[in-house]
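Trainee: Sharing a structure, written as structure tokens. Questions coming.
The values are calculated or read from the model by the stated rules, or taken from the named source; none is laboratory data. Since this is a predicted model, take the numbers as computed values, not measurements. Note that we place each Cβ from the backbone using ideal geometry, even for glycine, and neighbour counts take in every protein chain shown.
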């Protein structure tokens, strides 16, 4: 338990550092680009769009603007019930050329329309992850342009950002959430090869207790090197980038209690 709490504390401290760095960058951008000392960014760097039709057109054109990265945050905030066109899947030309990543609010998977939307996007080549709560909507193309809503649903107004300093901070914020989020894996019938071996199951249980590699090795009766090899295999099978995410994904699959 102490190990788990220490891990949470470390992640919270790192997240706080990222947020403080983002605030610092925003302040620097205001100081650097402020016109006439009024602390406002020029319109070519930050602009407000309030027309609904223009917001829709801008959102569609922004999706076509990505050449390397396309990132979105999406939640259930909408003025009308979810429909199939709520989120547009990546364009076929993006496959293999543009890395498309989206973080969805997990409750979208409980809505039939929301689940179909996400599955359609994933089938088109999008990499999707889930979070219990997605704090806001966001569309971000490369290092060039971002669009954030001024209202919860995003249709009443949007902020278009092209200031490099703010774009960099938004990308770091997305990456922070991406690391926390749980990868969405296709649902398929369980096969014998999908479940961990008896030794891996033992390692997972001890890992969930917050034990370090050496302690896990002693309890499981194997070497520390073997423990690390099993953990790497488990993370690879679950398609996650951290041990914390591996524990969460293993629980979702019912591998650990």
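Trainee: Buried (at least 20 other Cβ atoms within 10 Å of the Cβ), modelled with pLDDT of 85 or more and in a helix (DSSP H, G or I), is that true of residue 166? Let's see the steps before the verdict.
Mentor: Numbers: buried (at least 20 other Cβ atoms within 10 Å of the Cβ): yes; modelled with pLDDT of 85 or more: yes; in a helix (DSSP H, G or I): yes.
In short, yes.
Trainee: Is it the case that residue 152 is surrounded by fewer than 16 Cβ atoms within 10 Å (Cβ to Cβ) and in contact (Cβ under 8 Å) with a residue 40 or more places away in the chain? Break it down stepwise before answering.
Mentor: Details: surrounded by fewer than 16 Cβ atoms within 10 Å (Cβ to Cβ): yes; in contact (Cβ under 8 Å) with a residue 40 or more places away in the chain: yes.
Considered against the rule, which asks whether it is surrounded by fewer than 16 Cβ atoms within 10 Å (Cβ to Cβ) and in contact (Cβ under 8 Å) with a residue 40 or more places away in the chain, residue 152 comes out as yes.
Trainee: Of the residues that make up the range 103-120, is at least one under 20 Å from residue 143 (Cα atoms) and at pLDDT 75 or above? So that I can check it myself, show each step before the final result.
Mentor: Filtering the range 103-120 down to residues under 20 Å from residue 143 (Cα atoms) leaves 103.
Restricting the remaining residues to those that are at pLDDT 75 or above gives 103.
Within the range 103-120 (the criterion being under 20 Å from residue 143 (Cα atoms) and at pLDDT 75 or above), the answer is yes, since at least one residue qualifies.
Trainee: Within the range 217-257, how many residues turn out to be under 13 Å from residue 207 (Cα atoms), modelled with pLDDT under 75, over 17 Å from the mean Cα position of the chain (by Cα) and not in a loop (DSSP other than H, G, I, E, B)?
Mentor: 1
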